[in-house]
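I have placed the structure first, in the form of structure tokens, so that the comments after it can refer back to it.
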Amino acid sequence: MFYPEIFKLAIETAKNTPQDEVPVSAIVAIENKVISVATNNTFSTKKDWYHAEYITVCNAIDKLQTRYLNNASIYITLEPCIFCSTLLEKVRIGHIYFGAYNTDKPALTECLPKFGYLKNNVEIIGGIYERTCNNILVNFFTKMRNDE
Ligand SMILES: [Zn+2]
């Protein structure tokens with residue numbers, strides 16, 4: 001079940017992403033209980049795959065001491081990349097709620113389904129608070145260009 005207050009928390013968290021990181025956040029929750037929260041964190045770790053989804057899923061698995069998250073939901077401000085989409089399939093996440101569509105690289109909504117990767121009965125809903133989520137990204141990239 002979708003909880004708007006958790007998505008709003010994801011939006012607020014994305015706005016507080018560390019400087020220079022692409023502002024994206026992800027939250028794992030079971031029903032209305034937040035398990036883990038993360039933003040992108042590729043610079044300080046020097047790990048380019050330390051996306052919000054990756055970090056929050058790893059933390060949720062450690063915290064819950066479980067292998068699969070089939071009873072959990074992930075709330076993400078941007079459609080996940082191919083790496084994170086595959087990760088979400090691997091951990092059998094139950095529900096994926098995301099904000100902005102990745103129109104350049106629609107990994108979750110186009111690539112994975114095309115090649116039959118989404119085997120389990122995952123619920124996927126995109127475009128949640130889409131304009132707000134898009135604006136966070138547009139503002140970041142506009143500022144980055146202006147700073148150059
Ligand atoms: Zn990713």
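Every number here is computed from the coordinates shown, using simple stated rules; none is lab data. Computed from a prediction, not measured in an experiment: that's the story for all the values here. Glycine gets a Cβ as well: all are built from the backbone with ideal geometry, and neighbour counts include every protein chain shown.
Restricting attention to the range 110-131 and to residues that are in contact with a strand residue (DSSP E or B) (Cβ under 7 Å, 6 or more places away or on another chain) and not hydrophobic (A, V, I, L, M, F, W, C), the residue that is surrounded by the fewest Cβ atoms within 10 Å (Cβ to Cβ) turns out to be Glu123.
Residues in the range 50-68 that are hydrophobic (A, V, I, L, M, F, W, C) and farther than 20 Å from Thr109 by Cβ: Ile55, Cys58, Ala60, Ile61, Leu64.
Rundown of residues vs (1) more than 14 Å from the ligand (Cβ to nearest atom); (2) out of contact with any helix residue (DSSP H, G or I) (no Cβ under 8 Å at 6 or more places or on another chain); (3) under 14 Å from Phe7 (Cα atoms), yes/no style:
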{"residue": "Val34", "(1), (2), (3)": "yes, no, yes"}
{"residue": "Val37", "(1), (2), (3)": "yes, no, yes"}
{"residue": "Asn40", "(1), (2), (3)": "no, no, no"}
{"residue": "His51", "(1), (2), (3)": "no, no, no"}
{"residue": "Tyr75", "(1), (2), (3)": "yes, no, yes"}
{"residue": "Thr86", "(1), (2), (3)": "no, no, no"}
{"residue": "Lys90", "(1), (2), (3)": "no, yes, no"}
{"residue": "Ile128", "(1), (2), (3)": "yes, no, yes"}
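Return the only residue of Ser44, Ser36, Ser25 being more than 22 Å from Val138 (Cβ to Cβ), of a type in the set (Ser, Thr, Tyr) and surrounded by 14 or more Cβ atoms within 10 Å (Cβ to Cβ). On inspection, the qualifying residue turns out to be Ser36.
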